Amino acid sequence: MRKLYSKKSRQRLNSFLPNRLRRLFLFGALCSGTFFFTQAAEYSRPNVIFILIDDMGFGDLSCTGNTDVETQHIDRLAREGSLFKQFYVASPICSPSRVAFTTGQYPARHLINSFLAGRKRNRERGMRDFLDPAAPAIARAFRTGGYVTAHYGKWHMGGGRDVDDAPQPSAYGFDEHFVNAEGMGPRVDRKIDPKYTWTRTYVDKSIDFIDRNKREPFYLQLWLNDVHDRHVPSDAFLKRHERHADRPFTHRFYAVLD
């Protein structure tokens, strides 16, 4: 922290941030790609699992007021960890929000200000086809600090449609990766694998990665396609929410959210 901020700035920060928030602030500095583990030897290295749910709104969780569905596992994370109710996001849209998470920078800086599509539509909106692999990347920072890294799930920072020259996630610091159709490298087969099986596939691969790396620090990204449409729940989960059958969209959405 001393290398990042002047003495005056540190004093101001310490004056209004309690100890717990100061630690969170330091983690935010790490996420921005600026901390880079320069003092890693002085601290223990906890494992980090970053779970990202696609298109889920703040009010969709039962812990934030939704009485129509129980999100008990996420509720437990909120109960035993921290639930943020005041925050800002760099973008409410898929690709630029992922670019912000990855780089710690505004996505417009990387000319990705909406969802990545085919080349023609990207050009029409003044966008690149994929995130520059030379950009700061959180996985690369973790790997520099001695972590083993993996990404399983939705990528959407380049690749898919007619963009076939985008880098694979390994170019951004991942030792292992498995993505959806909007990414390059090993990925789900949309023609064979029903969408409701994708989350289980990503989770199974994540658990296997954790089991294989118990003795060394790891950084794991588990980025799910759900609850983004198309909503393709299994029959079992549709039956659990039959009381919403008169509202087809809500019925399928809650079955996927559950």
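Since every read-out is calculated from the coordinates, none of them should be taken as a lab result. Values in this document were obtained by computation on a predicted structure and should not be read as measured data. Every residue, glycine as well, gets a Cβ built from its backbone with ideal geometry; the counts of neighbours run over all protein chains shown.
Data overview
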{"quantity": "Euclidean distance of C-alpha centroids, segment 56-85 and segment 94-118, integer Å", "calculated": "26 Å"}
{"quantity": "Segment residue 181-residue 73, length gained on full extension (0.36 nm per residue, minus Cα span)", "calculated": "36.2 nm"}
{"quantity": "Order of 214, 154 under a 10 Å beta carbon neighbour criterion, fewest first", "calculated": "214, 154"}
{"quantity": "At q = 0.15, 0.18 Å⁻¹, base-10 log of I(q)/I(0) for segment 32-171 (Debye sum, equal scatterers on each alpha carbon)", "calculated": "-0.92, -1.16"}
{"quantity": "Distance between modelled label sites at residue 50 and residue 203, nm, 7 Å Cα→Cβ extension", "calculated": "2.2 nm"}
{"quantity": "Distance (nanometres) between label positions extended 7 Å along Cα→Cβ at residue 245 and residue 64", "calculated": "3.1 nm"}
{"quantity": "Neighbour-count ranking [beta-carbon atoms within 10 angstrom, fewest first] of 252, 121", "calculated": "121, 252"}
{"quantity": "Full-extension gain in nm, residue 190 to residue 119, via 0.36 nm per residue minus C-alpha separation", "calculated": "23.5 nm"}
{"quantity": "Calculated FRET value between residue 111 and residue 228, using beta carbons and R₀ = 22 Å, to 0.05", "calculated": "0.45"}
{"quantity": "Length released on extending from residue 215 to residue 83, taking residue separation times 0.36 nm less the Cα-Cα span", "calculated": "44.6 nm"}
{"quantity": "Cβ-Cβ FRET estimate between residue 93 and residue 236, R0 fixed at 25 Å, reported to 0.05", "calculated": "0.20"}
{"quantity": "Neighbour-count ranking [beta-carbon atoms within 10 angstrom, fewest first] of 112, 49", "calculated": "49, 112"}
